[in-house]
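The values are calculated or read from the model by the stated rules, or taken from the named source; none is laboratory data. Predicted model only: the values in this text are computed from it and were never measured. Cβ placement follows ideal geometry from the backbone for every residue including glycine, while neighbour counts extend to all protein chains displayed.
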Amino acid sequence: MTPNIRTIFFDLDNTLIDHTHAQRAALGDVYNRYRAVFHHISCDDFIAEYEKVNDKLWTALANTEITIEELRIQSFMLTLQHLYTLTPIVKHDLRDAFGMHPYYRERYETYTRETDGASRVLRSLSGTYSLGIISNGFTDIQNIKIDQLGWRRFFSFVVLSEDVGIMKPHAGIFESAALTAKHSPDELAFVGDHFVNDVAAAKRAGWNAVWYNPSRKEAPDVCADAIISSLDEVSELFLQTN
């Protein structure tokens, strides 16, 4: 970690905010509301299939193979199509997918909660460093979450892929953030949970990178400047460095 860091950027989903909790809780609500659609398919199977489909669609979006609107439509459409192969003798109606997405989004917003220690870290660092966000999430939803948690005051920079037109792990979003912050890459640090999208991508852009790895996953190539298992370690790391 270089000693001249001036701005610390954070990933949002599953770093500062518990996205997995909100997503699974909202999908549970979708399952209960559309219970008749799923027949003998369990809620766990529905959620697992949705997450698998959604991950592939976000990768396709990052590679500009689909549009944001296509992602929104296809996330539930493809999930139902895949699940319905398990129930071939039952009559299905894929039009249900069009009602699921708006309901899912409505419910998702109600389950916003921070990752343990996030507010403490932002408060402790904000007096010493300027802080920012780099996120691949939808602009409107990400802004809602930031405001729900009362975090707007902490961030000097909010760089969202939908606004920039480039998604992590592509270097352009980091270059855009560096231009916005008006710092060179060696003066910037990024904290994120995703090894490929956050850590490896930040390092390729010349940034300092901290891997938030609470589940202690093994990395194919350990290139992070620091690896932490709790957000409170971010404060310890940067305030000791400063």
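Working carefully through the options ILE68, ILE133, ILE73, ILE146, find the one that is touching a residue at least 40 places away in the same chain (Cβ under 8 Å) and not assigned by TED's automatic domain parsing to the domain that holds ASN197.
Being touching a residue at least 40 places away in the same chain (Cβ under 8 Å) and not assigned by TED's automatic domain parsing to the domain that holds ASN197 holds for just one of ILE68, ILE133, ILE73, ILE146, which is ILE68.
Cβ contacts < 9 Å: first residue within 13 Å of ASP116 (Cα to Cα), restricted to region 217-236; second residue surrounded by 13 or more Cβ atoms within 10 Å (Cβ to Cβ) and of a type in the set (Lys, Arg), any location; separation 6+ or different chain. Result?
Once the first residue is within 13 Å of ASP116 (Cα to Cα) and sits in region 217-236, its partners that are surrounded by 13 or more Cβ atoms within 10 Å (Cβ to Cβ) and of a type in the set (Lys, Arg) give LEU231/ARG120; ASP232/ARG120.
For LEU83, indicate whether it is under 23 Å from LEU61 (Cα atoms), in the same structural domain as ASP55 (by TED's automatic domain parsing) and not aromatic (Phe, Trp, Tyr).
yes
Failed condition for THR67, given (1) among the β-branched types (Val, Ile, Thr); (2) touching a Phe, Trp or Tyr at 6+ places or on another chain (Cβ under 9 Å); (3) closer than 24 Å to GLN142 by Cα, with all others met?
(2)
I'd like to check which helices (runs of 4 or more DSSP H) are fully inside region 166-242 and have at least 3 residues that are within 17 Å of the chain's Cα centre (by Cα) and crowded, with 21+ Cβ neighbours inside 10 Å. Write out each step before concluding.
Working: elements: 171-181, 201-204, 232-241.
Fully inside region 166-242 and qualifying: 171-181.
ARG24 versus (1) in a loop (DSSP other than H, G, I, E, B); (2) touching a helix residue (DSSP H, G or I) at 6+ places or on another chain (Cβ under 8 Å): which is the lone unmet condition?
For ARG24, the failing item is (1).
Would you mention how many residues in region 1-24 are exposed (fewer than 15 other Cβ atoms within 10 Å of the Cβ) and at pLDDT 95 or above?
Counting residues in region 1-24 that are exposed (fewer than 15 other Cβ atoms within 10 Å of the Cβ) and at pLDDT 95 or above gives 2.
Just to verify a result, which residue in region 92-130, among those that are buried (at least 19 other Cβ atoms within 10 Å of the Cβ) and of a type in the set (A, V, I, L, M, F, W, C), is nearest to the chain's Cα centre (by Cα)?
ALA118
Does PHE157 satisfy the criteria of being closer than 30 Å to PRO102 by Cα, modelled with pLDDT under 95 and hydrophobic (A, V, I, L, M, F, W, C)?
Answer is no for this residue.
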